[in-house]
Amino acid sequence: MTAVGFVSYAGELSGMPPAEALRRAHEVLEYCGLGEARYRNVETYSTGMKQRIKLAQALVHGPKLLLLDEPTNGLDPRGREEMLDLVRSVSHGRGVNVIVSSHLLPDIERVCDRVIVVIKGKLRTAGTIKDLKKLAGQPADVELREPNVAFANMLMEKGLTVTPPKGNIYRVQSELPPEELLRVVQRTALESGAQVRGFETAVRTLEEVFLEALTA
Amino acid sequence: MSNIKPIADLSYRNYDGPLKKPGSRWWVIAKNGIRIALKKMALWGLMFVSAWYYLVMLVVLFFVQQITSSNPAGAQAMKAFMERLVWPDQFLHGFSYAQLPMLIIALMLGAGSIANDNRANAMLVYLSKPCDKREYLFGKWIGIALPILVIMVVPTIIFYAYGALTFREYGFLKDAWLLPKMLVIIPIAAIFHASIVVGISSMFNQARNASATYAGIYFITNFFTLLMGGIWASSRGETPFPVKHLFYASIDGVLIGACKAIIGTKGSAPFGIQSQGGMSQVPAPAVVPILGVALLISVVFVLIAWRKIRAVEVIG
């Protein structure tokens, strides 16, 4: 079956009139980047193209909710990038809500705004990625040119909590707002002769969020 | 010109056109199956092959009529030939000889119908649409049964029309219910083939495996039938009770038995040839048991398909 035949068939299965389904099949295939290959037999498609056509057949009838199960499965890095771009473009500002089920957390982080962690059918955690990644007390990661014990000691003398460095990065925690904390760090660096290379609010990775939900 | 962009707007647009309510998706599936089948040239050839007995009989009857009408002594020869012909048996032969091509047609239409979907993991695609398992199975089943029905009905009606218009005076219309009876048995054959092939197709994920299985069942059971028929013919019908019934214990046998039982004939030699005690003259079985067997087999295979069709593969 040709791609356009397959997608219009999927449209008819979703309840579209045949003429509308055919017209729309051309449209979504073009959108999914298969415009040039739409008259080719689907069986001759590569894995990446098959993933795209699956997305096309799911989009053909203009669903309000789209469930994608491992959409980047079996794709090469370039195909993966393109598929994620496609999913993101559908899910942002097009009136389609997308639920992506995946174990590839970097993919989720790139495409989604909210995460739901479900383990054995039970909801373990849910929320926006931004909120879930936030650490309590809003600590900051300070990157120095090289480890500096005096810098850490001076910060602790000022009442800040400093965890042992990972490489050149010190995690500093305090009750101060981020702007004030930055000023304290800059001052301390000046006093201790440390060279600050970076300062950012510390966050957890999505993987850490997932592992925490797993063990909770 | 590095900023070349398409003139048309290729961005995603939502569909807000009409959508039919669920309930008629089976026809979409059936229509697609039929459309794919009609593209196969071999199917068109097999349609003619399946009607070969009717076609040959049409030619024979036409020439017999032409030759005898141009000859003064022809009327007598024509009468003798017509007396040997048993009209219901011509339909029985037309039906019987169509069964082997019908097997091939059923395989072409149905062997891959569910097996290919299993292989391509397309069950998820179907059942994620507003189309439930019942509609999916019914659509696949109709997509096989309907073409078989049409392929068998058309030559039967053509032959009947030719006979009714030309050979009334030779007793063609003696049984006024002959055509309705044929129009009962042909759908039974279509249902029987479609049910078996759908059931077998659902058990595999390769069309060729499903084809080999159905063909295997067909030929092994047919060999058994021929053996029983041979025993019956060589004993001139004086065999023990089970032999004449076991003659119908095959795919062909069930349908031929049902045809004999419904049109009420025990059969005769084809083409009006004079013959006594041939295999085709094994007595007809009783209507209810043979139709019961056909129905039971059909239901069993449809239930197999029903059980095998799953939207999600359950592992372990």
Test: residue in segment A:64-72 that is over 19 Å from residue A:102 (Cβ atoms) and either of a type in the set (Lys, Arg) or surrounded by fewer than 24 Cβ atoms within 10 Å (Cβ to Cβ) (or both): yes
Residues (under 13 Å from the mean Cα position of the chain (by Cα), open to solvent by less than 20 Å² (accessible area, probe 1.4 Å) and either within 12 Å of chain B (Cβ to nearest Cβ) or at pLDDT below 85 (or both)) located in segment A:83-104: A:87
Test: residue A:12 is within 10 Å of chain B (Cβ to nearest Cβ), part of a helix (DSSP H, G or I) and farther than 22 Å from residue A:88 by Cβ: yes
Selection status of residue A:28, part of a helix (DSSP H, G or I) and under 24 Å from residue A:114 (Cβ atoms): no
Search result, residues across segment A:150-196 that are of a type in the set (Phe, Trp, Tyr) and over 23 Å from residue A:134 (Cβ atoms): A:151
Boolean, residue A:44 is buried (at least 16 other Cβ atoms within 10 Å of the Cβ), among the hydroxyl-bearing types (Ser, Thr, Tyr) and more than 11 Å from chain B (Cβ to nearest Cβ): no
Qualifying residue in segment B:1-15 (condition: more than 14 Å from every other protein chain (Cβ to nearest Cβ) and touching an Asp or Glu at 6+ places or on another chain (Cβ under 6 Å)): no
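Within segment B:237-257, is there a residue that is open to solvent by less than 40 Å² (accessible area, probe 1.4 Å), modelled with pLDDT under 85 and under 23 Å from residue B:54 (Cα atoms)? If you could, list the steps in order and put the result at the bottom.
Residues of segment B:237-257 open to solvent by less than 40 Å² (accessible area, probe 1.4 Å): B:237, B:239, B:243, B:247-248, B:250-257.
Then drop every residue that is not modelled with pLDDT under 85, which leaves B:237, B:239, B:243, B:247.
Now narrow it down to the ones that are under 23 Å from residue B:54 (Cα atoms): none.
No, because not a single residue in segment B:237-257 is open to solvent by less than 40 Å² (accessible area, probe 1.4 Å), modelled with pLDDT under 85 and under 23 Å from residue B:54 (Cα atoms).
Okay, residues lined up against (1) under 20 Å from the mean Cα position of the chain (by Cα); (2) farther than 16 Å from residue B:166 by Cβ; (3) surrounded by fewer than 14 Cβ atoms within 10 Å (Cβ to Cβ); (4) within 14 Å of chain A (Cβ to nearest Cβ):
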{"position": "B:26", "(1), (2), (3), (4)": "no, yes, no, yes"}
{"position": "B:34", "(1), (2), (3), (4)": "yes, yes, no, yes"}
{"position": "B:50", "(1), (2), (3), (4)": "yes, yes, no, no"}
{"position": "B:55", "(1), (2), (3), (4)": "yes, no, no, no"}
{"position": "B:65", "(1), (2), (3), (4)": "no, no, no, no"}
{"position": "B:69", "(1), (2), (3), (4)": "no, no, yes, no"}
{"position": "B:91", "(1), (2), (3), (4)": "yes, no, no, no"}
{"position": "B:107", "(1), (2), (3), (4)": "yes, yes, no, no"}
{"position": "B:110", "(1), (2), (3), (4)": "yes, yes, no, no"}
Count of segment B:154-206 residues which are open to solvent by 20 Å² or more (accessible area, probe 1.4 Å) and among the aliphatic types (A, V, I, L, M): 13
Failed item, numbered, when residue A:6 is tested on (1) within 10 Å of another protein chain (Cβ to nearest Cβ); (2) surrounded by fewer than 17 Cβ atoms within 10 Å (Cβ to Cβ): (2)
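Residues are listed down the side, and each one gets a yes or a no for (1) in contact with an Asp or Glu (Cβ under 6 Å, 6 or more places away or on another chain); (2) β-branched (Val, Ile, Thr); (3) more than 30 Å from residue A:8 (Cβ to Cβ):
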| position | (1), (2), (3) |
| --- | --- |
| A:69 | no, no, no |
| A:78 | no, no, no |
| A:81 | no, no, no |
| A:88 | no, no, no |
| A:93 | no, no, no |
| A:98 | no, yes, no |
| A:120 | no, no, yes |
| A:125 | no, yes, yes |
Search result, residues across segment B:93-105 that are surrounded by fewer than 21 Cβ atoms within 10 Å (Cβ to Cβ), under 21 Å from residue B:178 (Cβ atoms) and touching a Ser or Thr at 6+ places or on another chain (Cβ under 7 Å): none
Residue that is without any contact (Cβ under 8 Å) to a residue 24 or more places away in the chain and either of a type in the set (Val, Ile, Thr) or in contact with a helix residue (DSSP H, G or I) (Cβ under 9 Å, 6 or more places away or on another chain) (or both), where the choices are A:149, A:185: A:149
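So which residues in segment A:124-149 are closer than 14 Å to residue A:211 by Cα and open to solvent by 90 Å² or more (accessible area, probe 1.4 Å), if there are any at all? First the steps, then the outcome.
Of the residues in segment A:124-149, the ones closer than 14 Å to residue A:211 by Cα are A:124-126, A:132-133.
Of everything in segment A:124-149, just one residue is closer than 14 Å to residue A:211 by Cα and open to solvent by 90 Å² or more (accessible area, probe 1.4 Å), namely A:124.
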Counted residues, segment B:88-120 - those being without any contact (Cβ under 8 Å) to a residue 40 or more places away in the chain and assigned to a loop (DSSP other than H, G, I, E, B): 1
Residue count for segment A:69-82, restricted to those that are under 17 Å from residue A:28 (Cα atoms) and within 14 Å of another protein chain (Cβ to nearest Cβ): 1
Subset of segment B:77-128 [closer than 25 Å to residue B:258 by Cα and among the β-branched types (Val, Ile, Thr)]: B:86, B:104, B:105
Residue that is most open to solvent (accessible area, probe 1.4 Å), among those in segment B:71-87 that are in contact (Cβ under 8 Å) with a residue 12 or more places away in the chain and not in a helix (DSSP H, G or I): B:86
Output for segment B:36-48, where each listed residue is open to solvent by 80 Å² or more (accessible area, probe 1.4 Å) and more than 14 Å from chain A (Cβ to nearest Cβ): B:41, B:44, B:48
Any hit, segment A:200-216, residues being open to solvent by less than 50 Å² (accessible area, probe 1.4 Å) and farther than 24 Å from residue A:105 by Cα: no
Unique match (being open to solvent by 40 Å² or more (accessible area, probe 1.4 Å) and facing chain B (nearest Cβ under 9 Å)) among A:27, A:36: A:27
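The values are calculated or read from the model by the stated rules, or taken from the named source; none is laboratory data. Fair warning: this is a prediction, and the values are worked out from it, not measured in the lab. Here Cβ is always computed from backbone atoms with ideal geometry, including for glycine, and neighbour counts include all displayed protein chains. What goes into the accessible areas is simple: the full protein's heavy atoms, side chains included, and nothing from ligands, DNA or RNA. Shrake-Rupley method; radii C 1.70, N 1.55, O 1.52, S 1.80 Å.
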